[in-house]
Amino acid sequence: MKSQMPPVGSSVVALLIALVVTASADAQQKPATEDDFYRITTLPIPKGVVLEAGGLELLPSGQLAASSRRGDIYLVDNPFSEPAAMKFTRYAQGLHEVLGLAWRDGWLYATQRCEVTRMKDIDNDGRADLFETVNSDWGITGDYHEYAFGSKFDARGDLWVVLCLTGSFNSNIEYRGWCLRIKPDGTSVPTCSGLRSPGGIGMNHLGDMFYTDNQGPWNGTSKLQHLMPGKFVGHPGGNRWYDITNALGKRPADPKSGSRMMVEAKRIPELLPPAIYFPYKKMGQSASGIACDTTDGKFGVFKDQLFVGDQTHSTVMRVDLEKVQGRYQGACFPFRGGFGSGSLGLLLSKTGSMFVSGTNRGWGSRGNKPFSLQRLDWTGKTPFEVLTMRLRPDGFRLQFTEPVDPATAARIDSYQLQTYTYIYQASYGSPEVDHTKPTIKEARVAADRRHVDLVIDGLAVGHIHELHLPGIRSAKNTPLLHQQAYYTLNYLTK
């Protein structure tokens, strides 16, 4: 007896249904990537233009200004559009390694290696015609390392300039290794000493100024440092210039090489410890530009947090700060990688687009392009992340961007914690030292399922607390997009 075959049409339908179900299951199992949440658009730098951009600014015209390490400034028309609609025009040339741009009252201010200059287009032909020196109260020697980074204007109308040392160790001419504030009348005010090799400068949402400094002598690893007027921030190489100013008071005592930062901070009242250490190679190797999310949700859920570039890793990192005993400290997290060159300048627009400029000249970078200019836009999807990591008397309170699965979040083995610090020394950099392994005694999940309190025995002052969260799942059963957090603990809550 012949068996009856099902109609061909029903077989095809069944096969199609099976394929759809399989594809749907594969889609659900596919892990999320950074690109699902924040997408990179590459701006079309014209052929022949070497745009190793260090400074970025948005002009009232809607154009993006980008300054080159080669001394040019270009304007980009339609920077928020698709690349085909963008146009680059050279606005100025012949400047000296511009690493800061700021706009005020019809003038574009440029922080050059040797001075702050302002310029404007008088005849409206799209090129600057009038150039004026605003301030040149610091020196240059020709050493490759003597960069100068400039901020945006603060609430008082001051522009802050952070000055690299001569080489890694010395300050061979005035104010190298210092921060100066340039007042609206063009005069300068020495503001902080102890800088080594700044990579960027920017404000938080409260208007407090921060800069990034890089691993080297007296810097065990890269850091984010609050620029509190009158403070010494770590490298004594430029302290000779206390002899020519009384703006900061007496010269602080020199730190003892081979000590630890918090030991020396107790001994030297003027010494302000870093707000954030970026663990070397784990987070990056060359911290750079700074941007603050004041977009009111247009860039996602990271309101008031800081974003910091890393030139070597071609990334943007994320920072959540808090004040403990009147000093900033907090946690850093991975955020976005994959930029075309070494991330240097960051600019976050009010509309929620982050511009990232890149260069790899001198140090190289994971991004293999010699230079790049790119835009980062939020897709509207929220990644499952640790939003904040805040210190408590008995441990840390974690806040998540989405509700957690309470079963995995309450398990102690979902978390891994260790601590370490760096040697505060005159020689270059430092390995991780003084490792400890605190005990996580309990993980308490809040009723809102967005907060977890980790009860910890063994918090260590002066240490980075490196937390991994491999076992955590969201209420939707997804893992964290980034499973690492690094908290710099300088002071304990009282």
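Computed from the coordinates by the stated procedures, all read-outs in this text should not be read as laboratory data. Everything numeric in this text was worked out from a predicted model, so none of it was measured. No Cβ is skipped: glycine too gets one built from the backbone with ideal geometry, and neighbour counts run over all protein chains shown.
Given a cut-off of 21 Å, name the pairs among 298/381; 223/282; 223/369 whose C-alpha atoms lie farther apart than that in the structure shown.
223/369
Please compute the modelled spin-label separation between residue 96 and residue 50, points set 7 Å along Cα→Cβ, answer in nm with one decimal.
1.8
Which values of log₁₀ I(q)/I(0), to two decimal places, follow from the Debye formula for the range 42-128 at q = 0.15, 0.24 Å⁻¹ with a uniform point scatterer at every Cα?
-0.50, -1.26
Taking the Cα atoms of the chain alone, what are Rg (to one decimal) and Dmax (as a whole number) in Å?
Cα only, the chain: 25.0, 109 Å (Rg, Dmax).
What order, most packed first, do the peptides 334-346, 445-457, 67-79, 48-60 have when packing is the mean number of other Cβ atoms within 10 Å of each residue?
334-346, 67-79, 48-60, 445-457
Sorted from largest down, give the three principal axis spans of the alpha carbons of the range 69-170, whole angstrom values.
Principal extents (Cα only, largest first): 47, 29, 26 Å.
Quick one: divide the alpha-carbon radius of gyration of the range 386-489 by 2.2 N^0.38 Å and tell me what you get. List each step's numbers first, then the result.
Values: Rg = 14.6 Å, N = 104, 2.2 N^0.38 = 12.8 Å.
Cα Rg divided by the expected 2.2 N^0.38 Å: 1.14.
Beta carbons within 10 angstrom, averaged per residue: use that to sort the peptides 435-443, 348-356, highest first.
348-356, 435-443
For the charge dipole of the range 37-378, defined by +1 on Lys and Arg C-beta atoms and -1 on Asp and Glu C-beta atoms about the Cα centroid, which residue among 349, 275, 145 has the Cα displaced farthest towards the positive pole?
It is 275, whose Cα lies furthest towards the positive end.
Mean residue ellipticity at 222 nm from the helices of the chain, using -39,500 (n - 2.57) per DSSP H segment of n ≥ 4 over the full residue count, to the nearest 500 deg cm²/dmol?
Calculated from helices alone, the mean residue ellipticity at 222 nm is -2000 deg cm²/dmol.
Taking the Cβ of residue 369 as the centre, find all other residues whose Cβ is under 14 Å away and add up their charges (Lys, Arg: +1; Asp, Glu: -1).
With Lys, Arg at +1 and Asp, Glu at -1, the net is +2.
Please give me the summed charge of the neighbours of residue 165: other residues whose Cβ is under 14 Å from its Cβ, Lys and Arg +1, Asp and Glu -1. List each step's numbers first, then the result.
Working: positive: 113, 176, 196, 240; negative: 143, 146, 174, 213.
Charge balance near residue 165 sits at 0.
Over all distinct alpha-carbon pairs, what is the Kirkwood Rh of the range 208-268 in angstrom?
So the Kirkwood estimate lands at 12.8 Å.
Would you mind checking the tilt of helix 8-29 against the longest principal axis of the Cα atoms of the chain, expressed as 0 to 90 degrees and rounded to 10?
The helix 8-29 is inclined about 40 degrees to the chain.
Provide the net charge surrounding residue 352, with neighbours chosen by a C-beta distance below 13 Å and charges set as Lys +1, Arg +1, Asp -1, Glu -1.
Spelling it out: positives minus negatives among the neighbours equals +2.
Please compute the contact order of the range 37-378 in relative form: average sequence separation of alpha-carbon pairs under 8 Å and at least six residues apart, divided by the residue count, as a percent.
So the answer I get is 13 percent.
Just to confirm my understanding: which cysteines in the chain have no other cysteine beta carbon less than 4.7 Å from their beta carbon?
114, 164, 292, 332
Distance between Cα centroids, the range 282-331 to the range 191-261: provide it in whole Å.
19
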